[in-house]
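Let me begin by presenting the structure, written as structure tokens, before commenting on it.
The values are calculated or read from the model by the stated rules, or taken from the named source; none is laboratory data. Just so we're clear, the structure is a prediction, and the values are computed from it rather than from any experiment. We place every Cβ from the backbone using ideal geometry, glycine too, and count neighbours over all the protein chains shown.
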Amino acid sequence: MKKKWWQEVVVYQIYPRSFKDSNGDGIGDIRGMIDELDYLEKLGIGAIWLSPVYQSPNDDNGYDISDYEAIMDEFGTMEDMDEFLAEANKRNIKVVMDLVVNHTSDEHQWFIEAKKGKDNPYRDYYVWADPAEDGGVPNDLRSTFSGTAWEFDELSGQYYLHLFSKKQPDLNWENEEMRQAVYDMMNFWIEKGIGGFRLDVIDLVGKIPLEGITGNGPKLHEYLQEMNQATFGNHDLLTVGETWGATPDIAKLYSNPARKELSMVFQFEHIGLDQQPGKEKWDLQPVDIAQLKTILTKWQIELGNEGWNSLFWNNHDLPRMISRWGNDQEYRVESAKMLAILLHMMKGTPYIYQGEEIGMTNTPISDISEAEDIETINMYNERLDQGYSKTEIIDSINAKGRDNARRPIAWNSKENGGFTTGTPWIALNENYQEINVAAALDDPDSIFYTYQKLVQLRKDNPIMVWGDFELVDTVDCVFSYYREYNGERWLIVTNFSNEEQAFSSEDKIEKVIIQNNKKEVTSLQNMILSPWQAFVVKVK
């Protein structure tokens, strides 16, 4: 595998609405992002994954795009965007644009045209179907946001497909003209000097809806190879696909360099471990650490040199991992550092979601009126109708709702955490006076500096990027593994629990690389690990 820049960097995800507001309207914006590029440079990251900033009516927080070549008014202008790209590039930070090409907004010009009638040239840019024999929906496909995936269009007497909100009609990838229009738009951005694309729900573009096929359709990889050739294939860019159903074998199809598709994928197998098997993400169960080890190890080993892995705990769709599997109360700092060390020492490209580096936590709500997210609100109403109690549903939302990740970053302890001088679009977590960027930067032992050190270690040590992975056999709550490269061997040891755990190894310590507490590590024999303890040692 030819070495690429994106294998050696750490990527930072910005959710612009909640990052930094520069003009007091309560909504994060591009100028706010420009203002904080020095902070990201201090952290040491090499790329930003930027959630959508395109023009959008905001039914699904920008993932419903009405114009791919314009910027949402509340985020700023295309001039601001050009300046952001230039300022990021000055700091050797590449900007990876979040691209949604499975669907558009129903306010996109293509769809406005498509609705004008069956013979409109844009009609076939989208997926339409006649009613079933009984006059109802064409089939029982469901939307990710609850309810049927079909919406009736009175004018033509047909249904259109929306695998997400009804304001997000699905594009018809079988239409060659539509695909070409998408590629032209991607080249518009490539010419602006972006660092690549994160491709939203890209595993859905090969869908054959009338046969009930949504993910991993038969032509999916053909489309991606065509996209590669028509757009980013001739450039040195990072491309990462969001692929919920991927197995290691499927991930190799996407990310084996010989196939000329994508750089890597986001796979989510570990993310579903606190969900009851066969049920929805809202049906909670405790995470089984033994299972987590099995899954992460599989992804470390099975890709081999035929693909590349992404490493993440958090993103804009997932609750804060520190609240989910860590301990966001008495061991907030230790468990946040442990999760960071455990992940960043693995093989793959690590992603940090904004606020993760200062240990931001979930934000509980007591009533649905405090929720902003469409998925959360739809689920609440659907489950009330199904007879669930309000308390049960709110408990699920507090554990798994997407608003948890979307709370604004607190930059200091002032009003609204210095995020805005106005009223924030969604309230900050009440703990912002303790958990904020200024406090993290002032404390040499903060979570921030653990992340900063991990980013730097990756730059300085090829073993972190290229080393082989080997799991150590331990009790369930101890997650330990080796990385080995060119005769050098590192041992990573983490206690994934609130209790002390026993650990022992015959290895001799040559050097302590990083640790998450001040406890001296001198010998590996018959150790008692404190709750959430984590350390990395070079061994001989």
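Comparison of 168, 180, 229 shows that the only residue that is touching a His at 6+ places or on another chain (Cβ under 6 Å) and not aromatic (Phe, Trp, Tyr) is 168.
Of the residues 188, 152, the single one that is part of a strand (DSSP E or B) and surrounded by fewer than 20 Cβ atoms within 10 Å (Cβ to Cβ) is 152. Which of the residues belonging to the stretch 152-196 are farther than 19 Å from residue 226 by Cα and acidic (Asp, Glu)? Selection gives 153, 154, 170. Restricting the search to the stretch 56-70, which residues are modelled with pLDDT of 95 or more, in contact with a Phe, Trp or Tyr (Cβ under 9 Å, 6 or more places away or on another chain) and surrounded by fewer than 21 Cβ atoms within 10 Å (Cβ to Cβ)? If the condition is that a residue be modelled with pLDDT of 95 or more, in contact with a Phe, Trp or Tyr (Cβ under 9 Å, 6 or more places away or on another chain) and surrounded by fewer than 21 Cβ atoms within 10 Å (Cβ to Cβ), then 67, 69, 70 are the ones that fit.
A count restricted to the stretch 84-109 and to residues that are buried (at least 19 other Cβ atoms within 10 Å of the Cβ) and either without any contact (Cβ under 8 Å) to a residue 24 or more places away in the chain or outside any helix (DSSP H, G or I) (or both) stands at 15. Restricted to the stretch 10-80, the set of strands (runs of 3 or more DSSP E) holding at least 1 residues that are of a type in the set (S, T, N, Q) comprises 11-14. The residues of the stretch 238-263 that are outside any helix (DSSP H, G or I) and either at positive phi or surrounded by fewer than 22 Cβ atoms within 10 Å (Cβ to Cβ) (or both), listed by number, are 244, 245, 247, 256, 260.
One residue stands out in the stretch 389-402 among those that are among the basic types (Lys, Arg) and part of a helix (DSSP H, G or I): the one that is nearest to the chain's Cα centre (by Cα), namely 400.
Residues in the stretch 481-540 that are within 22 Å of residue 469 (Cβ to Cβ), polar (S, T, N, Q) and surrounded by fewer than 16 Cβ atoms within 10 Å (Cβ to Cβ): 486, 504. Pairs are defined by a Cβ separation below 7 Å, a sequence spacing of at least 6 or placement on different chains, a first member in the stretch 409-432 that is within 16 Å of residue 363 (Cα to Cα), and a second member that is surrounded by 17 or more Cβ atoms within 10 Å (Cβ to Cβ) and among the hydroxyl-bearing types (Ser, Thr, Tyr); the pairs so defined are 409/18; 410/432; 417/432; 429/361; 429/363; 431/361.
With respect to the conditions (1) within 23 Å of residue 375 (Cβ to Cβ); (2) part of a loop (DSSP other than H, G, I, E, B), residue 405 falls short on a single one, namely (2). The criterion of at least 3 residues that are touching a Gly at 6+ places or on another chain (Cβ under 9 Å) is met by the following strands (runs of 3 or more DSSP E) wholly inside the stretch 428-540: 478-485, 488-495.
In the set 145, 197, only one residue is surrounded by 21 or more Cβ atoms within 10 Å (Cβ to Cβ), within 24 Å of the chain's Cα centre (by Cα) and assigned to a loop (DSSP other than H, G, I, E, B); that residue is 145.
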